[in-house]
Amino acid sequence: MAWPKKGTRKIVVDGVEWLWHYSAHCYLCSNDVVTVGQAGSPHHLFFDTFSRDFEHTPGHVAASLRWALSQGWNPTNGGDRAMTAKENSFEWLPEGWRHHTDAFNGSKVVDKDQL
């Protein structure tokens with residue numbers, strides 16, 4: 001994935017540089033999404049911003065990323081995953097989902113290796 005120049009920000013979490021981008025219109029759907037990853041890495045995290053508990057701040061992005069890493073996700077071989085904020089914690093969305101609303105519209109993330 002090429003990172004857009006406009007709106008992409010750098011963040012350092014535990015000494016590692018990451019990129020994050022907030023898009024009010026992701027390329028696969030009409031819902032808001034925050035994408036996090038590393039330049040040149042094949043896999044990304046997608047943060048569902050549908051939850052009122054998600055904040056579009058560097059601190060919340062860092063906390064979300066730390067949680068995902070603590071759950072075993074990594075940008076090299078962790079696959080594309082989506083997560084959401086729920087009260088004072090985080091949770092994974094079902095495999096292939098990018099938003100809570102995917103349950104209603106049948107959307108599914110397709111890994112490029114499956115094409």
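For the reader, a short list of remarks on this structure follows.
- Of H56, H44, the sequence from fewest to most neighbouring Cβ atoms within 10 angstrom is H56, H44.
- Residues R98, R66, R81, sorted so that the one with the fewest Cβ neighbours within 10 Å comes first: R66, R81, R98
- Fully extended contour minus Cα-Cα distance, from E87 to H56, at 0.36 nm per residue: 9.6 nm
- Order of V61, V13 - criterion: other Cβ atoms within 10 Å of each residue's Cβ, fewest first: V13, V61
- Estimated distance in nm for a label pair at Q38 and R66, the labels positioned 7 Å out from Cα along Cα-to-Cβ: 1.9 nm
No value in this document is a laboratory result; all are computed from the given coordinates. Computed from a prediction, not measured in an experiment: that's the story for all the values here. Because the Cβ atoms are built from the backbone with ideal geometry, glycine has one as well, and the counts that use them run over all protein chains shown.
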